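Shown next, in structure tokens, is the structure this report addresses.
Derivation of every value follows stated rules applied to the coordinates shown; laboratory data play no part. From a predicted model like this one, the values you see are computed outputs, not experimental measurements. Please note: Cβ atoms are built from the backbone with ideal geometry, for glycine as well, and neighbour counts cover all protein chains shown.
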Amino acid sequence: MSIQLGQIAPDFEQDSSMGRIKFHEWLGDSWGILFSHPKDYTPVCTTELAEVARLMPEWNKRHVKPLGLSVDTGENHKGWANDIEETQGQKLNFPVLADHDRKVSDLYGMIHPEADPTVTVRAVYLIDPNKKVRLILTYPPSTGRNFAEIIRSIDSIQLIDAHKVSTPVNWENGDDVIISPSVSDEEAKKRFPEGFKTLRPYLRMVRQPKLAHHE
């Protein structure tokens, strides 16, 4: 099964390091980030899980719940969590799915046989409060993710939802943004009374509105 942007994220029920999780119910009205790890006791994953835990204040600001996944058992997760804390100086503070039966991995298409038939790729799915998939990233098993980029993307998507804008190349929070082509000049003048710069009729730049978690 191939997950695509805009579709409802498949629901599931699975064991985790923090008890049984019914995915949609667990998400509630929050955003969610579901990210997979090839398996427990692997070096790159150890650094990644610690970073996600370290970033918990940033996830909380954006109303995002992180949820990891590994195709190992809950018993393995407990021992690995101790290793993560000892080597990375960070205790895990979010659940990691124990997807030993590959129920979720198969549901989300995280096993890529041509890459490695025995482990999941490093997949990332951003899911909004309506349970729609809004972002998909897929890395090979050996390449660690850049979670600063994932946070930047979340900021962009949450800004777009709130203000009818798009974010240009290499945008960072605070940079100018693009007024969506679907917004007429008349509507743009009402939405952005401080004014905007028209470089082309389809390319109108404006000062970035504030992100909700920065207001």
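Taking R0 as 25 Å, what FRET efficiency do you get between Asp11 and Asn60 from their Cβ-Cβ distance, rounded to the nearest 0.05? Computed FRET efficiency for Asp11 and Asn60: 0.60. Computed log10 I(q)/I(0) for region 113-208 at 0.12, 0.13, 0.19, 0.20 Å⁻¹: -0.52, -0.59, -0.94, -0.99, from the Debye equation with unit scatterers placed on every C-alpha and solvent omitted. Note on the chain: antiparallel DSSP beta bridges, both residues inside, total approximately 65 percent of the bridges counted. A straight chain from Lys132 to Arg200 at 0.36 nm per residue would run longer than the Cα-Cα distance by 21.2 nm. Packing around the peptides 44-51, 157-164, 194-201, 6-13, taken as the average count of other Cβ atoms within 10 Å per residue, puts them in this order, highest first: 44-51, 157-164, 6-13, 194-201. Residues whose amide H falls under 5 Å from that of Ser16, counting only those 5 or more places apart or on a different chain, are Ile21, Ala98, with hydrogens built in the peptide plane.
The helix-only estimate of mean residue ellipticity at 222 nm for the chain, built from DSSP H runs of length n ≥ 4 each weighted as -39500 (n - 2.57), is -9000 deg cm²/dmol after division by the residue total.
Averaged over residues, the count of other Cβ atoms within 10 Å places the peptides 81-93, 98-110, 143-155 in the sequence 98-110, 143-155, 81-93, highest first.
Note: relative contact order over the chain, using C-alpha pairs below 8 Å and six or more positions apart, is 21 percent. Rg then Dmax, both in Å and based on the Cα atoms of the chain: 19.2, 60.
A Förster radius of 35 Å, combined with the Cβ-Cβ distance separating Arg191 from Val44, puts the computed FRET efficiency at roughly 0.20.
Sequentially through region 123-133, phi angles give Karplus couplings (6.51, -1.76, 1.60; θ = phi - 60°) of 8, 10, 10, 9, 10, 8, x, 8, 6, 8, 6 Hz, Gly and Pro residues having no value and appearing as x.
Each residue, Ser182 and Glu85, gets one label point 7 Å from its Cα in the Cβ direction; the gap between the two is 4.7 nm.
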